[in-house]
Amino acid sequence: MVDFIYDHIAAIRAEIASAAQAAGRGVDDVKLMGVSKFHPLEMMLRASDCIDLLGENRVQEAVEKRAGWPPENKTPWHLIGHLQKNKARKALEIFDLIESVDGFDLAKTLDRIVAETGRATYPVYIEVNMSGEEAKNGIALRDAEKLLEQILIECPHLRVEGLMTIGPLTDDEKQVRVAFAGLYAMRGSMREKFGLALPELSMGMSGDFKVAIEEGSTIVRVGTAIFGSRNI
Ligand SMILES: *Cc1c(COP(=O)(O)O)cnc(C)c1O
């Protein structure tokens, strides 16, 4: 019944491959995340065979879905939506990685809980608001480097493995490209300054993943183009 998912994913994989090739990158340099918010578990299970990662926005929704998820299915789950501190413990339980760390208070809270639960470290990305749009989540561009520095010094249980951003909501491809290129450049200067690898750049969604790949994305987060519209 939900076999259209396979066709959608095959089409997206082909687009990823051609965008990567056009940019002189390997197709294996780009991971495909299926963003499954508001879509049922059945669709996520179907998709999990042929995507690399799953992304959910809200902790509560993900808790409910996780309860029905077969433990032998090892597709990693990433949190990509804004995280409130009071949900940090739950998020750490059910997600393999949190992409939306956007402030020092949240980072401290996560660090403390990771330590309490006896884990050595937990992987996170810093979410950066590249477009400066008010409503958008993410740490402001000018504060991102400081946040990374604070985490490196004061949150020894967090491992910063990458950066994440949501492209500006516009049809103007040039503006979108500037935002993605900006995150790529920021990663470069952070690598240099802090000697970190920061292997992952999570950027690009259904409408702009090709531009994101051209600008260096390593994870594209695709919802609508895989699962259909969310009917909300
Ligand atoms: C919903 C969402 C996506 C997927 O968006 P689509 O346009 O449906 O592909 C990607 N990233 C984040 C952070 C989201 O909230």
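Here, each number is a calculation from the coordinates, and none is a lab measurement. None of the values given here were measured: they were computed from a predicted structure. Methodologically, a virtual Cβ is constructed for each residue, glycine included, from the backbone with ideal geometry; neighbour enumeration extends over all protein chains shown.
Things to note:
- When the chain is described by a simple charge dipole with +1 on each Lys and Arg Cβ and -1 on each Asp and Glu Cβ, the residue from 182, 63, 6 located farthest towards its positive end is 63.
- Residues residue 15 and residue 142, FRET efficiency given R0 of 30 Å [Cβ-Cβ distance, rounded to 0.05]: 0.35
- For the range 223-230, 3J(HN,Hα) computed residue by residue from phi via the Karplus equation (6.51, -1.76, 1.60; θ = phi - 60°) reads x, 3, 5, 9, 9, x, 6, 8 Hz, glycine and proline entered as x.
- If you take all other residues with their beta carbon under 14 Å from the beta carbon of residue 63, and give Lys and Arg +1 and Asp and Glu -1, the sum is +3.
- From least to most packed, judged by other beta carbons within 10 angstrom and beginning with the fewest, 219, 12, 80, 153 follow the order 153, 12, 219, 80.
- One way to sum up the overall shape of the range 1-119 is the equivalent ellipsoid from its Cα gyration tensor, whose semi-axes run 29, 19, 12 Å, largest first.
- Rounded to the nearest 20, the Cβ-based charge dipole of the chain about its Cα centre (Lys and Arg +1, Asp and Glu -1) stands at 420 debye.
- Every Cα-Cα pair of the range 58-133 was included, and the share exceeding 21 Å stands at 28 percent.
- Mean separation of Cα contacts under 8 Å, 6 or more apart, over the residue count of the chain: relative contact order %: 20
- Whole-Hz couplings from phi, Karplus 6.51/-1.76/1.60, listed for the range 176-187; x for Gly and Pro: 5, 4, 4, 5, 5, 5, x, 5, 4, 5, 4, 4
- Each peptide among 60-73, 14-27, 119-132, 41-54 gets the average number of other Cβ atoms lying within 10 Å of its residues, and from highest to lowest they stand as 119-132, 41-54, 14-27, 60-73.
- Computed over the range 1-57, the range of Cα coordinates on each principal axis works out to 37, 24, 16 Å, biggest value leading.
- Around residue 167: net Lys/Arg minus Asp/Glu count, Cβ-Cβ under 14 Å: -3
- Residue 214 sits among other residues whose Cβ lies under 11 Å from its own Cβ, and their net charge, with Lys and Arg +1 and Asp and Glu -1, is 0.
- The chain - mean residue ellipticity at 222 nm from DSSP helices (-39,500 (n - 2.57) per run, n ≥ 4, rounded to 500): -13000 deg cm²/dmol
- Three-way shape call for the chain based on the alpha-carbon gyration tensor, with the a/c threshold at 1.5: oblate
- Close amide-amide hydrogen proximity is noted between residue 31 and 219, 220, each under 5 Å apart and 5 or more residues distant or on a separate chain (H modeled in the peptide plane; Pro and chain starts excluded).
- Couplings for the range 112-117, taken from phi via the Karplus curve 6.51 cos²θ - 1.76 cosθ + 1.60 with θ = phi - 60°, read 5, 5, 4, 4, 4, 8 Hz in order; Gly and Pro are left as x.
- When each of the peptides 86-96, 156-166 is scored by how many other beta carbons lie within 10 Å of its residues on average, the order from highest to lowest is 156-166, 86-96.
- Packing, taken as the mean count of other beta carbons within 10 Å per residue, orders the peptides 141-150, 29-38 from highest to lowest as 29-38, 141-150.
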